[in-house]
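Q: Got a structure for you, questions after.
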Amino acid sequence: MFIRTLLTTTILAGLAFTAQAQDTITVYTSQPQDQMTQVIEAFNADHPEIKVELFRSGTTEVMAKLQAEYAAGNSPADVILIADTVAMTQLKNDDRLLAFTDAAVEGIDPAFIDADKTFFGTKVITTGIVYNTDLVKTAPTSWNDLLAADAAKSLIMPSPLYSGAAVIHVGTMTQQPEFGWAYYEKLAEAGAVAGQGNGTVIEAVARGEKAYGIIIEYMALNAKKKGSPVDFVFPTEGVSSITQPVAVLKGSDAVDAAKTFVAWQLSKTAQEQATAQGYFPILPGVTQPEGYPALSTLKILPADSDAMLKADTENKEKFAELFGG
């Protein structure tokens, strides 16, 4: 069952502004709810004049809700903050995103920013391998280590039918000549299973229900930091990556407030908070999470986003054929 959360936050940190008019924006996001609560608290510390309402679910569910609302004529969403650029590019192609041409992006790698400034990466998140340290005595180092019979039958991964990060990971892996769909077919034949989002993966591995998982790094490393018997591996062949882009939607009736939220996401304050939550920051000069390797030392697997967008439906159907969904 999908987890749906509608959270209205009215944290008005600056009570002294009572005579000041308040704008309200609605943010649709796939970022975990506990993190978004912290994000809104920090945002309101800087901008108490803007009230933030939130809808949170997996990227696929967020997109389905948004598309249904557009089909019905309107959406209350002002800002979208989701895992993957494929879904965001689809919104751009559908003319749903507002260009924010004067956004402050100095120092940010242009690779993280849409060329037309309709959406902006906010973090770097990679996908690798988590394993249960009580069950696994020799840590995997390669994606191919998961093909071993004992590993594959105790492997869980997120589904692209729910997770935006999984959309990018499956799309990236199947574009690599050395992996392709043959890699997933071997995993399925050996007993690997798919959960929903990355949260289901870390829960299963941390509890010892599964020995291995394919997962975004911060969930595994945050769980390790909190004492769970897990560790995380950046496979030698490379990792897939996402940038959790944010954008203002064209249908917003609070454009200035929505732009303020997007601009804040790119600020040093927001980037330092993202680091504290376990993300690689995109803003130079912001220290990455303790214990993480330097991002420059990681091999990022190449990905053709346009081809991934064209193959999105086909990829999801193929994955569902192999793993259900």
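The values are calculated or read from the model by the stated rules, or taken from the named source; none is laboratory data. Being a predicted model, the structure only gives us computed values, none of them experimental. A quick note on method: Cβ atoms are made from the backbone with ideal geometry, for glycine too, and the neighbour counts reach across all protein chains shown. The area values use the complete protein model at the heavy-atom level, side chains included, leaving out ligands, DNA and RNA. Shrake-Rupley method; radii C 1.70, N 1.55, O 1.52, S 1.80 Å.
Q: Among Q265, P158, I50, flag the residue with its Cα farthest along the positive direction of the charge dipole of the chain, charges on Cβ as +1 for Lys/Arg and -1 for Asp/Glu.
A: My answer, from the dipole projection, is P158.
Q: Please work out how much accessible surface L147 shows to a 1.4 Å probe, ignoring ligands, DNA and RNA, in Å² rounded to 10.
A: About 50 Å², rounded to the nearest 10.
Q: Rounded to the nearest 20 Debye, what is the dipole magnitude of segment 135-249 about its Cα centre when Lys and Arg each give +1 and Asp and Glu each give -1 at the C-beta?
A: It works out to roughly 380 debye.
Q: Cβ under 15 Å from T138's Cβ, T138 left aside: what net charge do those residues give with Lys, Arg +1 and Asp, Glu -1?
A: On the way: positive: K137; negative: D134, D145, D150, D231.
Net local charge, T138 excluded: -3.
Q: Pull out a ≥ b ≥ c, the square roots of the eigenvalues of the alpha-carbon gyration tensor of segment 235-325, then state rounded if a/c is under 1.5, prolate if not and a/b is larger than b/c, and oblate in the remaining case.
A: Details: a/c = 2.48, a/b = 1.18, b/c = 2.11.
Judged from the Cα gyration tensor, segment 235-325 comes out oblate (a/c at least 1.5, b/c at or above a/b).
Q: Under a 1.4 Å probe, what is the accessible area of the chain per residue, stated in Å²?
A: 43 Å²
Q: Here is a further query. At a probe radius of 1.4 Å, what is the per-residue accessible area of E69, in Å² to the nearest 10?
A: Surface accessible to solvent at E69 totals approximately 30 Å².
Q: Can you give the net charge of the other residues whose Cβ lies under 14 Å from the Cβ of L283, counting K and R as +1 and D and E as -1?
A: -1
Q: Given a 1.4 Å probe and every protein chain left where it sits, what share in percent of the accessible area of the chain is carbon and sulfur?
A: Carbon and sulfur: 51 percent of the exposed surface of the chain.
Q: Right, another one. Just checking my list (i) 133; (ii) 203; (iii) 184 against volume of the Cα convex hull per residue in Å³ computed from this structure; which label fits?
A: Checking each listed value against the structure points to (i).
Q: Also, quick follow-up: Give me the one-decimal nm value for the distance between modelled label points at K137 and D304, 7 Å along each residue's Cα-to-Cβ direction.
A: If labels sit at K137 and D304, their model points lie 4.5 nm apart.
Q: I'd like to know which of Y292, F280, T313 lies farthest towards the positive end of the charge dipole of segment 272-321, counting +1 on Cβ of Lys and Arg and -1 on Cβ of Asp and Glu.
A: It is Y292, whose Cα lies furthest towards the positive end.
Q: A follow-up question, please. Over 30 Å between Cα atoms, which of K268/K299; K225/K299; K186/K225 qualify?
A: Numbers: K268/K299 26 Å; K225/K299 24 Å; K186/K225 33 Å.
Pairs exceeding 30 Å: K186/K225.
Q: Can you compute the helix-only [θ] at 222 nm over the chain? Use -39500 (n - 2.57) per DSSP H run of at least 4 residues, normalise by all residues, nearest 500 deg cm²/dmol.
A: It lands at -10500 deg cm²/dmol.
Q: When a/c is below 1.5 the answer is rounded, else prolate if a/b is larger than b/c, else oblate, so apply that to segment 39-120 with a ≥ b ≥ c taken from the square roots of the Cα gyration tensor eigenvalues.
A: oblate
Q: Which of the chymotrypsin sites (Phe, Trp or Tyr not before Pro) found in segment 88-197 are loop residues per DSSP with 10 or fewer other Cβ atoms within 10 Å of their Cβ?
A: Those that pass, being in a loop and sparsely packed, number zero.
Q: Right, next: Only sites in a loop by DSSP and with at most 15 other Cβ atoms within 10 Å count here; which trypsin sites (Lys or Arg not before Pro) in segment 183-247 make the cut?
A: R207, K226
Q: What do you get for trypsin sites (Lys or Arg not before Pro) in segment 94-157 restricted to DSSP loop and a cutoff of at most 11 other Cβ within 10 Å of the site's Cβ?
A: Values: sites: R96, K117, K123, K137, K153; in loops: R96, K117, K137, K153.
When the trypsin sites (Lys or Arg not before Pro) of segment 94-157 are filtered for loop state and at most 11 Cβ neighbours within 10 Å, K137 remain.
Q: Something else: Quick check: Cα centre of segment 200-239 to Cα centre of segment 287-325, how many Å?
A: Here the two parts' Cα centres lie 16 Å apart.
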